[in-house]
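S.K.: Below are the structure tokens for one structure; questions will follow.
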Amino acid sequence: MITEKSRLKSLGNQLFFTGPTIIFFAIAVLIPFAYGLYLTLTDMTSPVNPIKFSGFGNYKTAFTDTAFWESMWLTVEFVIATVIIINILGFILAFLVTSGVKMQNFFRTALFTPNLIGGLILGYIWQFIFVQTLPSIGDKLGIEWLRLGWLGDEHLAFWAIVIVTIWQSAGYMMIIFVAGLVNVPKDVMEAATIDGANAWQRLRNVILPLMVPSFVVTVFLTLKNAFMVYDVNYSLTAGGPYGSTTMVSMHVVQKAFTENIYGVGQAEAIVLFIIVAVVTGLQVYFSKRMEVAA
């Protein structure tokens, strides 16, 4: 029979191990999130000015902010492009580096390395490549599309961000796919081969269904990262030219900290949070159903 003293001792042990984590989680996540919700109901314009309650007016302003929804739509286009390409490329790379090629460990490390570089530094590195290196190569080789000023063109600047994001993230997703591929049962592959399945049939009917759990993780991560992109956007194009590459996260930051409209900026951040939570939640739900079916 469990006594009251045993219950208290068990509770004390749980708090000893989980207490510090709960405290740090509250300080780093819960309290700032609650304060952010409070700011959406105020007309705060400066940390030193008195805060006045304004109700849900900031949310109304957020929903009628044309620039916010334009940046949201641009971000959706960015999400579609990066999520599809990163996952396809990551899987192809993983398939290649687990196929028994020579120096496959070297290639795994080399392809993963870009993910270790911070987004700000990565943006400045690629800014130099797009502004200086590629035009020089284009001039010497006579390749017209390399001579173009990518970051000065409204359409090419968007694809410049897409390229840098793919280069940074594909290697990380590759590692997740590698973990899934090496766990595909060899006896299942051998049975499929004995039954006469060719390489394409084994990939489509055996490997891909067993890789659904890996795709659940990679699609979730790429969705979340693409919606929340800011550092590469800031350091590579700073939203230019003429605001044509301002993603929604950059718009929110500019609204709050450049225009000093904290309440509206925070309201737009909450709207963005809800959209990302709904999209990623639906993605995980339907992906898990596919996983069970597979």
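S.K.: Of the conditions (1) modelled with pLDDT of 90 or more; (2) open to solvent by 70 Å² or more (accessible area, probe 1.4 Å), Ile86 clears all except one; give me its number.
M.R.: Of (1) modelled with pLDDT of 90 or more; (2) open to solvent by 70 Å² or more (accessible area, probe 1.4 Å), only one is false for Ile86: (2).
S.K.: I want to confirm something. Restricting to the range 181-197 and keeping residues that are free of Cβ contacts under 8 Å to residues at least 40 places away in the same chain and under 30 Å from Leu223 (Cα atoms), which single residue is surrounded by the most Cβ atoms within 10 Å (Cβ to Cβ)?
M.R.: Checking each candidate, the answer is Val184.
S.K.: Can you pull out every residue in the range 145-159 that is out of contact with any Ser or Thr (no Cβ under 7 Å at 6 or more places or on another chain) and closer than 14 Å to Thr245 by Cα?
M.R.: Residues satisfying the conditions are Trp150, Gly152, Asp153, His155, Leu156, Trp159.
S.K.: What number of residues in the range 233-265 are in contact with a Phe, Trp or Tyr (Cβ under 8 Å, 6 or more places away or on another chain) and farther than 27 Å from Ile51 by Cβ?
M.R.: Residues flagged as in contact with a Phe, Trp or Tyr (Cβ under 8 Å, 6 or more places away or on another chain) and farther than 27 Å from Ile51 by Cβ within the range 233-265 amount to 5.
S.K.: Being over 21 Å from Ile80 (Cβ atoms), of a type in the set (S, T, N, Q) and under 23 Å from the mean Cα position of the chain (by Cα) is the filter here; which residues of the range 126-177 pass it?
M.R.: Residue satisfying the conditions is Gln127 alone.
S.K.: Could you go through the range 62-69 and let me know if any residue there is assigned to a helix (DSSP H, G or I), surrounded by 13 or more Cβ atoms within 10 Å (Cβ to Cβ), at pLDDT 90 or above and among the acidic types (Asp, Glu).
M.R.: no
S.K.: Something else: Given the residues Thr222, Thr193, which is the only one that is hydroxyl-bearing (Ser, Thr, Tyr) and in contact with a Lys or Arg (Cβ under 9 Å, 6 or more places away or on another chain)?
M.R.: Just one listed residue meets the conditions, Thr193.
S.K.: Kindly establish whether Val232 is part of a helix (DSSP H, G or I) and crowded, with 18+ Cβ neighbours inside 10 Å.
M.R.: Judged against the criteria, Val232 is a match.
S.K.: Scanning for something under 23 Å from Ile270 (Cβ atoms), surrounded by 10 or more Cβ atoms within 10 Å (Cβ to Cβ) and of a type in the set (A, V, I, L, M), does the range 4-16 turn up at least one residue?
M.R.: No, the conditions are met nowhere in the range 4-16.
S.K.: So which residues in the range 250-268 are surrounded by fewer than 21 Cβ atoms within 10 Å (Cβ to Cβ) and touching a residue at least 60 places away in the same chain (Cβ under 8 Å), if there are any at all?
M.R.: Listed by number, the residues that qualify are Asn260, Ile261.
S.K.: Which one is farthest from Arg202 (Cα to Cα) among residues in the range 95-125 that are out of contact with any Gly (no Cβ under 8 Å at 6 or more places or on another chain), aliphatic (A, V, I, L, M) and buried (at least 19 other Cβ atoms within 10 Å of the Cβ)?
M.R.: The residue in question is Leu122.
S.K.: Among the residues of the range 169-227, which ones are of a type in the set (S, T, N, Q) and outside any helix (DSSP H, G or I)?
M.R.: Asn183, Asn198
S.K.: Moving on to the next point. Residue under question is Ala256, and the condition is that it be among the aliphatic types (A, V, I, L, M), assigned to a helix (DSSP H, G or I) and more than 22 Å from Thr222 (Cα to Cα); does it hold?
M.R.: yes
The values are calculated or read from the model by the stated rules, or taken from the named source; none is laboratory data. All of these numbers come straight from a predicted model, not from anything done at the bench. FYI the Cβ positions are ideal-geometry reconstructions off the backbone, even for glycines, and counts take in every protein chain you see. When the accessible area is computed, the model is the full protein with side chains, heavy atoms only, and any ligands, DNA or RNA have been set aside. Shrake-Rupley method; radii C 1.70, N 1.55, O 1.52, S 1.80 Å.
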